[in-house]
Amino acid sequence: MNQLAKLTVFKDVAMFNRQTLQRVLNIGNNALYANIKRWLKKGELIQLKRGWYVTKNYYLMTPGKQIYLEWLANKLKEPSYLSMEYVLQKYNLLSEAVYSITSVSLKKPKSFINNLGQFSYTNINEKLFKGYKVKQVGEYDIKEASLAKALFDYLYYKKGKLAKITQDMWDDLRLNMDVITDEDRNEFIKYCLEEGSKKMIQISKII
């Protein structure tokens, strides 16, 4: 069996690292790097981030590709959950186009760009790392913020750029607040009060 044929071992694996690949292929470092370089060039292998991969066949055969990308966003940086612009756009609260899958993490801010898309992470402290649920879609478990928490995270990182919290400022954000329910609003206010800053409390009064 040639080395490329051995990649079929990973046809049902959503994400694997260099060490696992080397163990399965049972080859030395030089041969491993040479094969990885060749497979990446041919497109048989997709690099997700440094040292982590998925096969082209796995991605092509995945029926719910966006669901896979959401799961992948959780995995590329752990712990993290989907939030901010990506979630707001999903629920039609944000009208602007979003080209990155945005997440919140306990670790340092980071972005990964690969052949499947762009994945962006913003840091949040442990006290505010909440307000998400784990949804199961097929084989994937995905952590995603509620609409209220995604809105809180979005505004929490915008508040530093806002000199003053006013109704005009709120209108300029062009958020489709018609999708916000009373339950969402109460949840959002709860997070603002827990965070406790003057700006977030002012924002909670406007919403």
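Each value in this text was obtained by applying a stated rule to the coordinates, not by laboratory testing. Bear in mind that the values here come from a model prediction, so they are computed numbers and not experimental data. Glycine gets a Cβ as well: all are built from the backbone with ideal geometry, and neighbour counts include every protein chain shown.
A simple spin-label model places the labels of MET177 and ASP12 5.1 nm from each other, with each point 7 Å out along Cα-to-Cβ. A simple spin-label model places pseudo-atoms 7 Å from Cα toward Cβ; at MET169 and LEU60 they are separated by 5.1 nm. Is the chain rounded, prolate or oblate when judged by the Cα gyration tensor, a ≥ b ≥ c being the square roots of its eigenvalues, rounded requiring a/c under 1.5 and prolate requiring a/b larger than b/c? Cα axes put the chain in the prolate bin.
Shape class for the stretch 98-183, computed from the alpha carbon gyration tensor (a ≥ b ≥ c): prolate, with a/c not under 1.5 and a/b above b/c.
When only Cα pairs under 8 Å and 6 or more residues apart are kept, what is the percent relative contact order across the chain? Contact order relative to length: 16 percent. Placing pseudo-labels 7 Å out from each Cα toward the beta carbon at GLU194 and ASN92 gives an inter-label distance of 2.8 nm. The HN-Hα couplings worked out from phi for the stretch 34-44 by the Karplus form 6.51 cos²θ - 1.76 cosθ + 1.60 (θ = phi - 60°) are 5, 5, 4, 4, 5, 5, 5, 5, 6, x, 6 Hz, whole numbers, x standing for Gly and Pro.
If R0 is 22 Å, what FRET efficiency do you get for TYR33 and ILE67 from their C-beta distance, rounded to 0.05? Taking R0 as 22 Å, the efficiency between TYR33 and ILE67 is 0.10. About the centre of its Cα atoms, the stretch 128-207 shows a dipole size close to 440 debye [charges on the beta carbon of Lys, Arg (+1) and Asp, Glu (-1) only; nearest 20 debye].
Normalising the average separation of contacting C-alpha pairs (under 8 angstrom, six or more residues apart) by the number of residues puts the relative contact order of the stretch 1-101 at 21 percent. Toward the positive end of the charge dipole of the chain, with +1 on the Cβ of Lys and Arg and -1 on the Cβ of Asp and Glu, the farthest Cα among GLN202, PHE16, GLN118 is that of PHE16. For the pair LYS110 and GLN19, the difference between a 0.36 nm per residue extended length and the Cα-Cα distance amounts to 30.4 nm.
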